[in-house]
């Protein structure tokens, strides 16, 4: 081994200066000089870093590992930690045992950022060790103390979600998110936005402010949420053009869910006069390809296309397979779709109990369509003595709060019907009240007609123009929940039913409304 001496240190320092200035070509030249001729351990470490990241040189993990090993042989703790981090990933042959050995050794000597961060990940995700969120938090907090500012948002997320048995602590989560703001961490801004929409607080205006700030920092996830807020009209005026623009920015930055959102806008005709089903399929496919573990919206969208025969040939079995794949990754849209499968009997016997189960899961996951459908399940498809106006009103309001355009009409009608029931109990003339109920239903129906701007025949004409080949659609990995998804036999037809719901063919859907038979039955119960 050559004596490092002052000349080797001088070469390294010059290389570090070039590296900090992002002059990677000269940095590589100086690091190579110090590493090869003077065996400078830190120069060897930086060469490993450059090969690992592909800075000036072509990315090469084996070469990075070789330089880290030379540096580690001289007891460079940073390189020891980097070797452990490489063993954690697919960069080398993944080996959690070796990763743990190198990381724990590096941590025991210096508690470096790389060691503490990676050990936190291993205990958080159970990589070669049992899942231990408490231990993961301990390592993460050490990493933050060592200036790993991006880990503040990770700690906040774990505390906000009560991950793996941790106690949910919004106040502590806010502390860690706020701590990351000092370094303009856009993920911490998103975290603070998420705290404005919890089970104890809903403040869309404040949430939007944080999402907008993070979007201005170029965060693609925040750009997606800004688009969503404009699409749903949450704290801002509904604007599909701005929503589409923000989704495009997010997608251009590689955010998979943004592609699914663009697909959904094409699917339901939110950006043109008519839907574009083939374009929707293209966008859904991109979302699935980019992030197979977080593509529930895309999987659900393709399932809906198969269910309705839009852009593809109708196939209820394929629709169900896509819904179940989306359910397997806990997608709230898919929960709602499963509810509609059982509610309307799309390829399975009608089962209102199963439908309500899925609508509840969707509603609890803050899906406005699920909340609307759950509310309706308390008013129809149940015996008259089980109608629950108070609970229905609660979920109608939740759906309206989350930007559902259809919910307000149902809120008005539900409040009116509750008032009518109070009048009936006070002994008012029942015949007059029945006429009032009929009149109000007619008014509601007129209100809802404005959502029906495209006829079924027009939808069919658009669909028949172009039909996608099944081979062009990404196939889902079948992921089923172990219970509650299998069709339950139901031999009896429902006592009450909806006017058949048609999928959105443009921005506004035709609503499900309580049909005349439901009203007639209710009135009959009253007069009897």
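The values are calculated or read from the model by the stated rules, or taken from the named source; none is laboratory data. Remember, it's a predicted structure, so these values are computed and weren't measured experimentally. Backbone-built Cβ (ideal geometry, glycine too); neighbour counts: all protein chains shown.
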Q | From the options 226, 168, residue that is touching a helix residue (DSSP H, G or I) at 6+ places or on another chain (Cβ under 9 Å) and outside any helix (DSSP H, G or I) | A | 168
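Using the structure shown, decide if residue 343 is touching a helix residue (DSSP H, G or I) at 6+ places or on another chain (Cβ under 8 Å), closer than 22 Å to residue 401 by Cα and assigned to a helix (DSSP H, G or I).
no
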Q) Among the listed residues 34, 25, 85, 81, which satisfies the condition of being surrounded by fewer than 16 Cβ atoms within 10 Å (Cβ to Cβ) and not in a loop (DSSP other than H, G, I, E, B)? A) 25
(Q) Out of the residues in region 267-280 meeting the condition of being surrounded by fewer than 24 Cβ atoms within 10 Å (Cβ to Cβ) and in contact (Cβ under 8 Å) with a residue 12 or more places away in the chain, tell me which one is nearest to residue 338 (Cα to Cα). (A) 268
Q) Of the numbered conditions (1) crowded, with 16+ Cβ neighbours inside 10 Å; (2) part of a helix (DSSP H, G or I), residue 149 satisfies every one except a single condition; which is it? A) (2)
Q: From 94, 98, grab the single residue that is more than 29 Å from residue 10 (Cβ to Cβ) and not in a helix (DSSP H, G or I).
A: 94
**Q.** Which listed residue is out of contact with any strand residue (DSSP E or B) (no Cβ under 7 Å at 6 or more places or on another chain), buried (at least 21 other Cβ atoms within 10 Å of the Cβ), at pLDDT 95 or above and more than 26 Å from residue 95 (Cβ to Cβ), from 120, 191, 180
**A.** 191
Q: Go through (1) surrounded by fewer than 23 Cβ atoms within 10 Å (Cβ to Cβ); (2) over 30 Å from residue 382 (Cβ atoms) and name the single condition residue 317 misses.
A: (2)
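Take residue 227 and tell me if it is exposed (fewer than 15 other Cβ atoms within 10 Å of the Cβ), under 25 Å from residue 291 (Cα atoms) and modelled with pLDDT of 95 or more.
Answer is no for this residue.
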Q. Does region 161-173 contain at least one residue that is farther than 22 Å from residue 135 by Cβ, free of Cβ contacts under 8 Å to residues at least 24 places away in the same chain and surrounded by 15 or more Cβ atoms within 10 Å (Cβ to Cβ)?
A. no
**Q.** Members of region 229-279 found to be closer than 23 Å to residue 194 by Cα and assigned to a loop (DSSP other than H, G, I, E, B), listed by number
**A.** 233, 234, 235, 236, 237, 238, 239, 253, 254, 255
Q: Could you list all residues from region 202-223 that are farther than 17 Å from residue 250 by Cα and either touching a helix residue (DSSP H, G or I) at 6+ places or on another chain (Cβ under 6 Å) or without any contact (Cβ under 8 Å) to a residue 24 or more places away in the chain (or both)?
A: 203, 206, 207, 209
Q. Does residue 317 satisfy the criteria of being more than 23 Å from the chain's Cα centre (by Cα) and at pLDDT 95 or above?
A. yes
**Q.** The listed residue being more than 38 Å from the chain's Cα centre (by Cα), within 25 Å of residue 25 (Cα to Cα) and either surrounded by fewer than 16 Cβ atoms within 10 Å (Cβ to Cβ) or free of Cβ contacts under 8 Å to residues at least 40 places away in the same chain (or both), out of 43, 91, 64, 53
**A.** 43
(Q) As an exercise: evaluate residue 293 against (1) at pLDDT below 95; (2) in a helix (DSSP H, G or I); (3) within 14 Å of the chain's Cα centre (by Cα) and give the number of the one condition it does not meet. (A) (2)
Q) Restricting the search to region 106-117, which residues are part of a helix (DSSP H, G or I) and surrounded by 17 or more Cβ atoms within 10 Å (Cβ to Cβ)? A) 106, 107, 113, 114, 115, 116, 117
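Okay, residues lined up against (1) touching a residue at least 40 places away in the same chain (Cβ under 8 Å); (2) within 22 Å of residue 228 (Cβ to Cβ); (3) surrounded by fewer than 19 Cβ atoms within 10 Å (Cβ to Cβ):
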residue: 329; (1), (2), (3): yes, yes, yes
residue: 334; (1), (2), (3): no, yes, no
residue: 366; (1), (2), (3): yes, yes, yes
residue: 372; (1), (2), (3): no, yes, no
residue: 388; (1), (2), (3): no, no, yes
residue: 408; (1), (2), (3): no, yes, yes
residue: 416; (1), (2), (3): no, no, yes
